[in-house]
Amino acid sequence: MRVGDASGVDLQRSFDDLGVPLSDVTFCILDLETTGGNRNDDMITEVGVVKVRGGECIGTFQTLVNPGRAIPPKIAVLTGLTDSLVAPAPRIETVLPSLLSFLGDSVLVAHNAGFDVGFIRAALARAERPTWNGTIVDTVHLARRLVRDEVPNCKLSTLASRLRLGHQPSHRALDDAWATTDLLHLLIERAAGLGVLGLDDLVALGKIGGHPMAPKLKLTADLPRTPGVYMFRGHGDAVLYVGKATNLRQRVRSYFGSDDRRKIGPMLRETTAVTHVELPDPLTAEIVETRFIGSLLPRYNRRGTRAAKYCYVKLDVDSAWPRLSIVKNPAKQGVHLGPLPSRTMATLVVDALQTALPLRRCTQRLGRNHVAAPDAPVCSAAQLGVAHCPCSGTADASDYSAAVALAVRAIEGDPTFVVDRLRQRMTKLAGQQRFEEAALTRDRLSALLGAIRRTLLFAALARAGRAEVSNGDTTWIIADGALVDTRTTATLTAALPIVALGSIDVGRPAAREHADEALCLAKFFDKHARRLSVTCDGEWTFPIASSEAIAPLERAA
């Protein structure tokens, strides 16, 4: 066994941040010779590794390995390794500790890495050692992406010959590792033309394969590895799509490989530029993304572009005989749930309340002095005994007021009575094997609890007034339910790149156009409430309780 290290010092680095420049990455280029191609039945006969950094060799590792079985004649002819040659060599179980120590936390490179890494992992498993899960770069995948048009195939021998590499493979481990090292350096040079400058770019490039839009990767060359918002732009600088990212560069480049959503291909074909806004943290990025989407309504965005379809469930408690309705905009009077993301959800919420409570379902306007006609018909819901019917004169005012009070109580945060009634109905229907009706009741209950929680999150955000919310080195400044500023120890964002689309007043429902931002903030504060430091001129009520037992909302005077 021969192990050489040109520097004599430990040069290994960890890669928690895969954005490290390629010039600073330590690569270990590995090649194995084996008795055959089956990782479970065949054995390793030779190991060769070349360690490089910054284009310079800093060490090598080479050893023969006794496979513990005869080497097939065709393998002996191919590699020149015979049973007598490997007989004095150590077994792989003895070699593994030295090999793993030499590899350290370097990036492993191999030509057809699945073969070599598969044999190493199989050997580790037989030796009852932990598996190896380091970062891998496969030069076969890179060659297919970068030089496939220049060569008849991507075999190492073909690439070395056609590309005139300094070392030629010979079916011996260290020679082949040197040839793969030359190939790696050539491929890195070629990849630089596509904006591949960091390790994360190189790893992702191998997975992109022959993506038809891969030449447009150069549009991402200037993207930083920081949180922010990115925009795909088309002809005339039109914004096609807006997204957020914790790592802008990594996220945008993923569209050229791992993202297989149906709309991505057409969007990339139209893309002529990618612009970005660098922001101090992921939450601010999500808020700015929401604002851009709400104001620009990009063609390829779906989430955040439908605020115009949001609606509210209203109970007009100031009328003589209050009823539930679905409205586009909140009224000045009454209690509301919402804004809700769709009329479908709002309908389920109304159905849930009407299933549990005998509220009138007719749409006729009834004054306080309403007198029913002698021959006024009784609505079908009243005939079935599930609703009052004041328009026919058969409803009792006190009973109806009690039902309205329970509905208000549910809307304002304590749906215990309604939940109990709906669960009893689900149990009864399931017992009668009416499973579809039971499932529909479940969906109604789920929609109701979701709507209540959503509304209470809006209300909690509004009650905070102007607040400074800190988590570690980041402070978010909130006013009237909107993000005003974000500060960190390193930067001060004096003005966000786009203003809020609305605000929330205490005791009033959130505006439809502001709902997405407000919900984003409220959910974040609710989820992380235990580790936030807060000063505010209002009332901080995060985290809110479960939607089945929540403090009542404040109603506008």
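The values are calculated or read from the model by the stated rules, or taken from the named source; none is laboratory data. Since the model is a prediction, treat every value here as computed from it, not as a measurement. Note that we place each Cβ from the backbone using ideal geometry, even for glycine, and neighbour counts take in every protein chain shown. Note: accessible area is taken over every heavy atom of the protein model, side chains too, but ligands, DNA and RNA are not part of it. Shrake-Rupley method; radii C 1.70, N 1.55, O 1.52, S 1.80 Å.
Using amide H atoms built 1.01 Å from N in the peptide plane, name the residues 5+ places from E46, or on other chains, whose amide H lies under 5 Å from its own.
Amide H to amide H, under 5 Å and 5 or more residues apart or across chains, E46 pairs with E33, V65.
Find the percent of Cα-Cα distances in the chain that exceed 34 Å, and round it to a whole number.
Of all Cα-Cα pairs in the chain, 59 percent lie more than 34 Å apart.
Given H placed on each backbone N at 1.01 Å, which residues far from A387 in sequence or on other chains put an amide H within less than 5 Å of it?
Amide H to amide H, under 5 Å and 5 or more residues apart or across chains, A387 pairs with A382.
Quick check: the angle from helix 515-527's long axis to the longest principal axis of the chain, C-alpha only, nearest 10 degrees?
For 515-527 against the chain, the angle is about 70 degrees.
Could you work out the local net charge near L501, counting Lys and Arg as +1, Asp and Glu as -1, over the other residues with Cβ closer than 10 Å to its Cβ?
-1
Can you tell me which of 294-303, 77-86, 406-415 comes out highest on packing, and rank the rest after it, using the mean Cβ neighbours within 10 Å?
Per-residue Cβ counts within 10 Å, averaged per peptide and sorted highest first, yield 406-415, 294-303, 77-86.
How high is the relative contact order of the chain, given as a whole-number percent (alpha carbon pairs under 8 Å, six or more residues apart)?
Computed over the chain, the figure is 9 percent.
Suppose R0 equals 22 Å; then what is the FRET efficiency for R423 and A545 from their Cβ-Cβ distance, rounded to the nearest 0.05?
Calculated value: 0.70.
How far apart, in nanometres, would the label points at L163 and A127 be if each is projected 7 angstrom from Cα along the Cα-to-Cβ direction?
With each label placed 7 Å out from Cα toward Cβ, I get 3.0 nm.
Over the chain, with every protein chain in place, what whole percent of the accessible area is carbon and sulfur at 1.4 Å, could you tell me?
Roughly 50 percent, rounded to a whole number.
Report the percentage of all Cα-Cα pairs in the range 239-357 whose separation exceeds 20 Å, rounded to a whole percent.
In whole percent, the long-distance tail amounts to 58.
Note down the nm distance, to one decimal, between modelled labels 7 Å out along Cα→Cβ at R531 and at S101.
Once both label points are built, they end up 3.8 nm from each other.
Listed highest first by mean packing, meaning other Cβ atoms within 10 Å per residue, what order do 247-253, 455-461 come in?
Per-residue Cβ counts within 10 Å, averaged per peptide and sorted highest first, yield 455-461, 247-253.
Report the gain in length on full extension from K263 to D83: 0.36 nm times residue separation, minus Cα-Cα distance, nm rounded to one decimal.
Separation in residues times 0.36 nm, less the Cα-Cα distance, equals 59.0 nm.
Normalised radius of gyration for the range 401-477, please: alpha carbon Rg relative to 2.2 N^0.38 Å, two decimal places.
Dividing the Cα Rg of the range 401-477 by 2.2 N^0.38 Å gives 1.59.
Rounded if a/c is under 1.5, else prolate if a/b beats b/c, else oblate: with a ≥ b ≥ c from the C-alpha gyration tensor eigenvalues square-rooted, which is the range 184-291?
Since a/c reaches 1.5 but b/c is at least a/b, the shape of the range 184-291 is classed as oblate.
If r is the Cβ-Cβ distance from R434 to D318 and R0 is 30 Å, what FRET efficiency results, to the nearest 0.05?
Computed FRET efficiency for R434 and D318: 0.20.
I'd like to check one number: the per residue accessible area of the chain, probe 1.4 Å, reported in Å² as a whole number.
47 Å²
Between the range 144-194 and the range 439-468, how many Å separate their Cα centres?
Answer, in whole Å: 59.
From the P(r) of the range 24-87, could you give the percentage of C-alpha pairs in the tail past 15 Å?
Every Cα pair in the range 24-87 considered, those over 15 Å come to 55 percent.
Can you check what the net charge comes to around R69, using other residues whose Cβ is under 10 Å from the Cβ of R69 (Lys, Arg +1; Asp, Glu -1)?
With Lys, Arg at +1 and Asp, Glu at -1, the net is -3.
May I ask which of K218/K523; K332/K523; K51/K244 have a Cα-Cα span longer than 30 Å here?
K218/K523; K51/K244
What per residue convex hull volume, in Å³, do the alpha-carbon atoms of the range 98-245 yield?
149 Å³
Taking the mean number of other Cβ atoms within 10 Å as a proxy for protection, how do you rank 229-238, 176-185 from highest to lowest?
By packing density, highest mean first, the sequence is 176-185, 229-238.
Starting at 0 and stepping by 10 Å, how many percent of the alpha carbon pairs of the range 126-205 end up in each bin?
Spelled out bin by bin, the range 126-205 gives 17, 44, 28, 9, 1 percent.
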